[in-house]
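Peer 1: Let me give you the structure first, and then I'll get to my questions.
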Amino acid sequence: MRIPISMLLCILVLPWGAQQAHAQTKNLLRSGDFETESTQNPPPGWVMWGAEQSKDPQNYTRDKSTFHSGAASLRIHHPANTSGYIVTSVRENALPTKKGVTYEISFWAKADKPGMALFQVQGFGSIEPLADYSSPLTRNIQVGTEWHKFTFQVTESLDFFADAARYLMLAFSAVATGSNELERTLWIDDVMVEEKPSPTPGFTLLNPATVEYNKVQHRLTPGNALNITVDAKRRLHPTVRAASAVSWHRVQGYMNLPYDRQGQYKLTPELETSIRAMHLPHTRFYGLGDEPFSLEDTLDKAAYTLDHTGIPQDGTVLELEEQGAQRRLAPQVWARGVQHSLNKGYRFRYWEVANEPWIHRGDHEVAFPTPEDYIAHVKEVGAAIHKVQPKALIGLGVEPKDLRWGNQVIKQAAGHYDFVAGHWYSFIDPIKNPFEMVTAGENYLILDQMSRFNALLKAYNPGRDVYQYDTEWSLHSSAAGSVLSTRQNGNIVGSMHRAVRLIYYLREDIVRGASAWEMFSGLGSWNSLGVLSPDSDKKTMLYWTHRTINEHLGDWVLDIQGTTPYYQPSPGTNGLAGPLAPAIVMLSRDAMTVTAIVANASWSQSVPCTLRVNNFKVRRASGIKLSHDDPNAPPLLERKEDFVSAFPVVLNGSQLTCTIPPHSIVFFTLER
């Protein structure tokens with residue numbers, strides 16, 4: 001083999017160290033320097049992605065007038081109110097993955113005006129067909145008018161698993177997530193992907209997709225009708241009453257409730273009565289150490305609020321740090337707050353360390369830049385709390401679907417926490433998706449993910465009683481432009497979503513406790529997630545949903561057997577199959593009352609229902625129905641009767657029969 005003289009001269013003039021570095025540097029990505037002459041738009045190895053109407057080749061061009069090195073760069077133009085972006089072609093520019101290695105991605109970028117752009121690493125399980133999408137890395141990056149180098153790393157078994165994400169793809173957008181209304185031009189150059197040794201050799205995470213776990217028990221098998229048989233003597237376990245809570249915001253929240261900034265208690269007797277009628281088992285406050293009052297005063301105010309609304313202190317979760325996870329409190333401050341609570345005789349013992357610590361909000365300061373920062377903080381805070389309250393329960397904030405902020409955190413913090421708050425929101429679009437998918441299929445997918453996560457908790461904490469105590473959850477869609485304006489989050493759609501979820505939370509061993517988001521919303525800027533409105537005597541559908549469920553809770557879950565119609569999601573969708581009309585049947589502590597909750601998650605199909613109770617002589621039976629026929633209705637009801645009504649049942653001995661109407665939640669009470 002003959003070596004060209006020009007190449008030989010280059011080798012000779014390079015110092016030996018530089019020759020070695022040059023020889024070892026290998027860019028796994030083709031066409032990352034944009035030096036190949038081409039008239040193709042986008043350049044070879046790159047393809048347009050996103051909405052079809054936003055795929056304009058003239059927005060993704062090789063630019064010879066602007067470059068970091070060489071003779072050209074890639075120009076990415078984002079017109080206002082579009083949603084297109086560019087990616088490396090998996091089919092032509094594949095980045096196959098290996099186990100136990102790190103991929104370092106670097107690139108240079110500049111923009112026509114300063115602002116936030118978006119960089120992503122996306123993973124795919126297969127190329128033909130392109131399937132099993134995941135996002136090992138998503139970052140909004142601050143770009144300016146001068147060239148700046150960005151470097152990121154993704155590590156196999158920490159950020160993704162090679163047997164699931166077999167190929168990686170890079171994605172660039174000239175605007176940040178949620179900023180499609182902006183116009184900006186971004187240039188990138190010298191994009192490089194290098195294979196590096198893992199920074200944590202030997203450290204691996206369990207793959208949630210392959211771990212053995214207890215699958216969600218649906219109890220009922222597929223059938224044409226809801227036919228249930230229970231035996232009053234066959235008790236499964238106590239009802240998970242702590243799952244039926246509703247979360248507060250803060251002591252001095254954005255609505256100046258329950259206290260305003262001057263420290264005045266603002267709950268009216270009417271509001272106190274409405275909250276007390278919900279029979280909440282607990283609630284959750286966050287940001288107690290970031291209020292306009294002292295920490296001690298804020299704790300006093302939280303205790304006063306709970307006592308005046310009938311919510312137990314024991315079981316209520318308190319989080320002290322700034323709600324946006326931008327600042328942290330010193331361990332001794334946490335200990336001071338806990339000591340004050342003990343001195344005052346309060347019964348608080350659930351302490352959640354930081355609210356959503358994984359969230360990085362653009363260019364804001366963050367308290368926990370890495371999971372390791374948060375893990376160290378949890379260990380220090382937990383140790384400080386236990387010195388003053390040995391039986392305190394320490395809560396961990398995790399993002400379960402993120403390997404580093406979920407899987408890694410629960411592994412490396414094992415032994416230093418007692419409960420985990422995963423905030424299992426559903427972000428499904430309730431306008432574009434079928435009602436049955438939003439209320440049933442999506443819930444069954446989330447419940448399955450929660451069950452897998454329970455298996456990880458158990459595996460990482462052998463011999464310890466560690467559990468999920470979720471402090472925020474709801475249908476949380478922005479389909480109408482924002483979460484707050486999406487009526488479906490709080491009307492019959494959101495109510496049915498919550499009812500199906502709560503049937504499983506109350507019946508199965510998935511969570512030890514949970515509190516849905518959130519207590520209040522104001523008429524001036526309506527928040528579809530609000531349960532109560534402080535400036536109206538009207539109630540929301542969510543209020544009556546939570547209240548009626550709690551009014552019908554028994555003390556023991558009874559084993560149910562029988563059939564129910566099943567929902568089968570369409571091929572290619574993410575939901576899971578399961579009961580179209582799930583149910584829970586409970587027995588009171590004195591064994592004198594049986595209650596049942598059934599949620600018909602079909603929008604149009606009525607479900608014939610038979611409930612037979614053995615070893616229980618029924619004297620009287622009654623029913624209540626919650627339903628509304630407008631999926632676009634505002635959550636706030638003009639009249640209670642527009643949502644809540646009596647429901648007729650036929651009683652024959654110990655057998656109850658009826659027909660469950662579509663999109664309705666039905667409650668039965670059987671008295672001995």
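Peer 1: Do you know the relative contact order of the range 27-197, to the nearest whole percent, from alpha carbon pairs under 8 angstrom that are 6+ apart?
Peer 2: Reported relative contact order: 33 percent.
Peer 1: What is the extension gain from E212 to S478, computed as 0.36 nm multiplied by their sequence separation minus the C-alpha to C-alpha distance, in nm to one decimal?
Peer 2: So the chain would gain 92.4 nm between E212 and S478.
Peer 1: Normalised by the residues of the chain, what does the relative contact order come to in percent, with Cα pairs under 8 Å and at least six apart?
Peer 2: 13 percent.
Peer 1: Now, a different point. What FRET efficiency, computed as 1/(1 + (r/R0)^6) with R0 = 60 Å and r the Cβ-Cβ distance, is obtained for K266 and A459, rounded to the nearest 0.05?
Peer 2: 0.85
Peer 1: Once you put a point 7 Å from the Cα of Q142 and another 7 Å from the Cα of E551, both along the Cβ direction, what distance in nm separates them?
Peer 2: Placing both labels 7 Å along Cα→Cβ, they lie 5.3 nm apart.
Peer 1: Out of the range 89-192, which GluC sites (Glu not before Pro) are coil in DSSP terms and have no more than 12 other C-beta atoms within 10 Å?
Peer 2: E92, E146, E181
Peer 1: Going by average Cβ neighbours within 10 Å, how do the peptides 575-585, 486-496 rank, with the highest at the top?
Peer 2: Top of the packing list down: 486-496, 575-585.
Peer 1: Related question: Between rounded, prolate and oblate, where does the range 151-264 land on the alpha carbon gyration tensor, with a ≥ b ≥ c its root eigenvalues, rounded for a/c under 1.5, else prolate if a/b exceeds b/c?
Peer 2: The shape class here is oblate.
Peer 1: Would you calculate a helix-derived [θ] at 222 nm for the chain, using -39,500 (n - 2.57) for each DSSP H run of n ≥ 4 and dividing by the full residue count, to the nearest 500?
Peer 2: -5500 deg cm²/dmol
Peer 1: Still on this structure, I have one more. Taking log10 I(q)/I(0) by the Debye sum over Cα atoms at q = 0.10, 0.12 Å⁻¹ as the quantity of interest, determine which of [x] -1.17, -1.30; [y] -1.03, -1.36; [z] -1.07, -1.20 was computed from the displayed structure.
Peer 2: [y]
Peer 1: For a Förster distance of 56 Å, can you work out the FRET efficiency between the beta-carbons of D448 and A71, rounded to the nearest 0.05?
Peer 2: After rounding to 0.05, the efficiency reads 0.60.
Peer 1: Sort 512-520, 393-401 for me by packing, meaning the mean count of neighbouring Cβ atoms within 10 Å per residue, highest on top.
Peer 2: 512-520, 393-401
Peer 1: What's the magnitude of the charge dipole for the chain around its Cα centre, counting Lys and Arg as +1 and Asp and Glu as -1 at the beta-carbon? Answer in Debye, nearest 20.
Peer 2: 1700 debye
Peer 1: Additional query: Using R₀ = 45 Å, calculate the FRET efficiency as 1/(1 + (r/R₀)^6) where r is the Cβ-Cβ separation of S485 and N27; round to 0.05.
Peer 2: Plugging the Cβ-Cβ distance into 1/(1 + (r/R0)^6) gives 0.50.
Peer 1: Say each of Q332 and D629 gets a label point 7 Å from the Cα, pointing the same way as Cα to Cβ; how far apart are those two points in nm?
Peer 2: Simple spin-label model gives 6.7 nm for this pair.
Peer 1: What list of whole percents do you get for P(r) of the range 240-422, with Cα-Cα distances grouped in 10 Å bins up to the one holding the largest distance?
Peer 2: P(r) for the range 240-422, in whole percents per bin: 10, 38, 36, 15, 1.
Peer 1: Another one. What length, rounded to one decimal in nm, is gained on full extension from A376 through to D509, with 0.36 nm per residue of separation minus their alpha-carbon distance?
Peer 2: Computed gain between A376 and D509 is 44.9 nm.
Peer 1: Please list 661-671, 242-252 highest first by mean number of surrounding beta-carbon atoms within 10 Å per residue.
Peer 2: 242-252, 661-671
Peer 1: Which residues does a label at S126 reach in the range 83-107, if reach means a backbone N under 16 Å from a point 7 Å past the Cα toward the Cβ?
Peer 2: 91
Peer 1: At q = 0.10, 0.14, 0.16 Å⁻¹, what base-10 log of I(q)/I(0) does the Debye formula yield for the range 27-197 when every alpha carbon is treated as an equal point scatterer in vacuo?
Peer 2: Values returned for q = 0.10, 0.14, 0.16 Å⁻¹ are -0.34, -0.69, -0.92.
Peer 1: A further question on this structure: Beyond a 18 Å Cα-Cα separation, which of these cross-linked pairs lie in this structure: K55/K113; K26/K98; K539/K625; K55/K110; K411/K458?
Peer 2: Result: K55/K113; K55/K110 exceed 18 Å.
Each value in this text was obtained by applying a stated rule to the coordinates, not by laboratory testing. These numbers come from a predicted model, not from an experiment. Every residue, glycine as well, gets a Cβ built from its backbone with ideal geometry; the counts of neighbours run over all protein chains shown.
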